[in-house]
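Report on one structure; see the data block that follows.
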């Protein structure tokens, strides 16, 4: 299939690579040109503009936030103005429910398709084509792009015929991840202050009732205090929690834990942690308990 891919950050580059390896004709575009070269070496075609990536049957966007996605869609010669009638925009970005609804309506008005397909997984998982994909949108459009979603993920979950529903699922999932990180950080601070070995403690947890990947992945990062380089930067985590709270307000659902996590991100970033992985919020509890060794990730504190 002839497709385009816009946004070659940590996640997008891996996803585009999986599509190339699956045999699709992929045109890649990124505002930072250096990120295009490795994918061209794999067989992609370089795009000089957003419009260059919109000449095929499908275009993916994998961008940082609402402003970036809306920008490439709405700008002169952007996605909306460049896609042919009948072509499909797949948004894999973690965006607001409101923007997803807007994109659905605008693409439909232009005779184009829109499928929301956000993903769960970190950059190494994206590079191996093992993401978990949450898909929503009109059935006919989902079916047309099913092979593409299968190429980037080990499993595709279909939520509904309404694209914004996939975004609500993704945002709620990221809220749960940050909640686990915060809880793990607090638990590690507690046992650490009591003199118990942190690595042994995580081995006990992940070998018994807490063997899920989320505890294994983030428990290891917290024990090793490995917050740089960032696999998923703290400001992106803050953005996701902000979007969760906006969706909750619209639906009339109190989320007190999300409010707490939002404040943890605000503290981390305001004190110099904007370049760290979002898991660094879990280190704040150790700092509060006076446990973090001097000089360890000075941005946390």
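Against the condition more than 21 Å from residue 136 (Cα to Cα), out of contact with any helix residue (DSSP H, G or I) (no Cβ under 8 Å at 6 or more places or on another chain) and assigned to a loop (DSSP other than H, G, I, E, B), how does residue 85 come out, does it pass?
No: the conditions fail for residue 85.
Going by what's in this entry, would residue 31 be described as closer than 25 Å to residue 100 by Cβ, free of Cβ contacts under 8 Å to residues at least 24 places away in the same chain and surrounded by fewer than 17 Cβ atoms within 10 Å (Cβ to Cβ)?
yes
Residues in region 58-68: is at least one part of a loop (DSSP other than H, G, I, E, B) and more than 17 Å from the chain's Cα centre (by Cα)?
No: region 58-68 contains no residue that is part of a loop (DSSP other than H, G, I, E, B) and more than 17 Å from the chain's Cα centre (by Cα).
Identify all residues within region 218-234 that are outside any loop (DSSP other than H, G, I, E, B) and crowded, with 17+ Cβ neighbours inside 10 Å; write none if there are none.
Within region 218-234, 218, 219, 221, 222, 223, 233, 234 qualify.
When region 91-108 is examined, which residues are found to be more than 23 Å from residue 242 (Cβ to Cβ) and either outside the structural domain of residue 19 (by TED's automatic domain parsing) or surrounded by 19 or more Cβ atoms within 10 Å (Cβ to Cβ) (or both)?
107 - this is the single residue of region 91-108 that is more than 23 Å from residue 242 (Cβ to Cβ) and either outside the structural domain of residue 19 (by TED's automatic domain parsing) or surrounded by 19 or more Cβ atoms within 10 Å (Cβ to Cβ) (or both).
Cβ contacts < 8 Å: first residue assigned by TED's automatic domain parsing to the domain that holds residue 10 and without any contact (Cβ under 8 Å) to a residue 12 or more places away in the chain, restricted to region 49-77; second residue surrounded by 17 or more Cβ atoms within 10 Å (Cβ to Cβ) and outside any helix (DSSP H, G or I), any location; separation 6+ or different chain. Result?
71/78
Conditions tested, residue by residue: (1) within 26 Å of residue 238 (Cβ to Cβ); (2) surrounded by fewer than 21 Cβ atoms within 10 Å (Cβ to Cβ).
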{"site": "19", "(1), (2)": "no, no"}
{"site": "25", "(1), (2)": "no, yes"}
{"site": "35", "(1), (2)": "yes, yes"}
{"site": "49", "(1), (2)": "no, yes"}
{"site": "56", "(1), (2)": "no, yes"}
{"site": "61", "(1), (2)": "yes, no"}
{"site": "76", "(1), (2)": "no, yes"}
{"site": "110", "(1), (2)": "no, yes"}
{"site": "114", "(1), (2)": "no, no"}
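If I filter region 151-171 for residues that are more than 30 Å from residue 245 (Cα to Cα), in the same structural domain as residue 61 (by TED's automatic domain parsing) and modelled with pLDDT of 95 or more, do I get at least one hit?
Yes, some residue in region 151-171 is more than 30 Å from residue 245 (Cα to Cα), in the same structural domain as residue 61 (by TED's automatic domain parsing) and modelled with pLDDT of 95 or more.
Say we look at region 255-292 and pick out the residues that are in a loop (DSSP other than H, G, I, E, B) and under 15 Å from residue 185 (Cα atoms); which of these is modelled with the lowest pLDDT?
Filtering first and then ranking leaves 292.
The values are calculated or read from the model by the stated rules, or taken from the named source; none is laboratory data. Source: prediction; values computed, not measured. FYI the Cβ positions are ideal-geometry reconstructions off the backbone, even for glycines, and counts take in every protein chain you see.
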